[in-house]
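Asks: Sharing a structure here in structure tokens format.
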Amino acid sequence: MSNAVQLTKDDRPRDQHPEVSTLFRAFVGRFEDAESRRTIDDLVQWIEARYREDLERRPSKHVYIRTLPADVIEQIDRLRDSPAVLGPVAGRFGEDWVITPMKNTDELYISHYNKDAGGDQGLFDKHYDGNLRFLPASCVVRSLIYLQSDASYKVVFADSRVEKAFATYDFGILDFHRELHWVEGEFDPHDRQRILLKCNYLVAPRHAPAYAQAVRAANTAVFYVVKAAMEYSKSPRTPVQRVVGFFCNFFRRMNIVHPFVPFALIGLVLAAIGLGLHRLLG
């Protein structure tokens with residue numbers, strides 16, 4: 001797999017997990033070196049110029065990092081591929097596991113606290129980022145790299161029992177599928193804009209590349225479908241957007257109950273549609 005980070009015995013930590021399918025406990029860190037901070041400052045300056053209008057209005061905005069200019073991607077790579085971020089991930093697993101960055105799903109995120117029953121409300125309510133936590137022998141972790149933030153909001157990682165009001169230069173790492181989390185705070189238009197990177201990494205067995213590719217494909221497919229629905233229905237204005245927004249939030253709540261519930265409900269809806277078409281056309 002391309003861009004994979006192979007772990008060695010030297011990477012093994014004192015807190016190594018014996019089983020990759022258990023919760024990756026949330027980790028909070030901070031970029032302390034001058035070079036990383038200069039990179040972050042340069043990125044913020046570019047983002048403020050490029051997305052000035054988006055920074056001044058709601059709702060939130062996601063941009064796939066792969067669509068940005070090459071020089072900007074190179075700066076982002078210095079952060080998302082840095083030892084500061086990858087080290088804590090490598091430190092949880094042994095030499096039989098490989099970290100593969102899922103850069104096709106990584107995003108630049110301009111976050112505006114928004115609860116209006118739209119697709120992006122789930123970014124702040126209680127939620128799991130993913131719904132494939134039942135897949136065995138694999139883990140997807142997400143890094144949240146705060147390029148700019150005034151620590152006015154607190155992120156609660158419930159399963160890890162970690163809370164953090166993230167400020168500029170901070171970062172957090174969480175289990176994409178297994179960490180129930182939410183944001184606490186109130187929208188204030190005078191706060192500094194929260195600008196962060198969302199970067200994803202697959203951890204899978206080194207000796208099972210075919211399985212790792214299948215898991216990665218499943219994660220990517222579900223990610224794009226859910227993201228498209230959320231983007232379409234954020235701050236809904238039309239009846240169709242409101243319906244899609246309702247289902248985004250409904251399935252998010254059902255995913256908290258059990259990850260199979262949303263799949264079962266979708267299956268029932270599709271079956272009902274198929275039966276209706278069969279009777280109509282038959």
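The values are calculated or read from the model by the stated rules, or taken from the named source; none is laboratory data. All values derive from a computational prediction rather than experimental measurement. No Cβ is skipped: glycine too gets one built from the backbone with ideal geometry, and neighbour counts run over all protein chains shown.
Asks: Which of the numbered conditions does SER60 fail, given that it passes all the others? Conditions: (1) surrounded by 16 or more Cβ atoms within 10 Å (Cβ to Cβ); (2) small (Gly, Ala, Ser); (3) within 20 Å of ASP175 (Cβ to Cβ).
Replies: If we test SER60 against (1) surrounded by 16 or more Cβ atoms within 10 Å (Cβ to Cβ); (2) small (Gly, Ala, Ser); (3) within 20 Å of ASP175 (Cβ to Cβ), just (3) comes out false.
Asks: Quick one: is ARG37 closer than 15 Å to LEU196 by Cα, among the basic types (Lys, Arg), modelled with pLDDT of 95 or more and over 19 Å from the mean Cα position of the chain (by Cα)?
Replies: Here the answer is yes, as ARG37 does meet what is asked.
The rows are residues; the columns are (1) surrounded by fewer than 21 Cβ atoms within 10 Å (Cβ to Cβ); (2) at negative phi; (3) of a type in the set (Phe, Trp, Tyr); (4) modelled with pLDDT under 95.
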site: GLY94; (1), (2), (3), (4): yes, yes, no, yes
site: GLY118; (1), (2), (3), (4): no, yes, no, yes
site: GLY122; (1), (2), (3), (4): no, yes, no, yes
site: ARG133; (1), (2), (3), (4): yes, yes, no, yes
site: ARG142; (1), (2), (3), (4): no, yes, no, no
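Asks: Here's something else I'd like to know. Go through the range 139-189 residue by residue and tally those that are part of a strand (DSSP E or B) and hydrophobic (A, V, I, L, M, F, W, C).
Replies: Looking only at that region, the number is 16.
Asks: From the list TYR146, TYR128, pick out the single residue that is modelled with pLDDT of 90 or more, closer than 19 Å to PHE251 by Cα and not charged (D, E, K, R).
Replies: It is TYR128.
Asks: Just for the range 169-216: of the residues that are at pLDDT 90 or above, among the small types (Gly, Ala, Ser) and out of contact with any Pro (no Cβ under 8 Å at 6 or more places or on another chain), which one is surrounded by the fewest Cβ atoms within 10 Å (Cβ to Cβ)?
Replies: Among those that are at pLDDT 90 or above, among the small types (Gly, Ala, Ser) and out of contact with any Pro (no Cβ under 8 Å at 6 or more places or on another chain), it is ALA210.
Asks: May I ask you to list the residues in the range 154-186 that are basic (Lys, Arg) and free of Cβ contacts under 8 Å to residues at least 24 places away in the same chain?
Replies: ARG161, the sole residue that qualifies.
Asks: Collect the residues in the range 63-88 that are within 22 Å of GLN193 (Cα to Cα), buried (at least 16 other Cβ atoms within 10 Å of the Cβ) and polar (S, T, N, Q), keeping them in residue-number order.
Replies: If the condition is that a residue be within 22 Å of GLN193 (Cα to Cα), buried (at least 16 other Cβ atoms within 10 Å of the Cβ) and polar (S, T, N, Q), then GLN75 is the only one that fits.
Asks: Of everything in the range 31-43 that's surrounded by 15 or more Cβ atoms within 10 Å (Cβ to Cβ) and not small (Gly, Ala, Ser), which residue is farthest from GLU107 (Cα to Cα)? Break it down stepwise before answering.
Replies: Applying the first criterion (surrounded by 15 or more Cβ atoms within 10 Å (Cβ to Cβ)) to the range 31-43 yields 31, 36, 39-40, 43.
Next, only the ones that are not small (Gly, Ala, Ser) stay: 31, 39-40, 43.
Numbers: PHE31: 19, THR39: 17, ILE40: 15, LEU43: 14 Å.
Applying the filter and picking the extreme gives PHE31.
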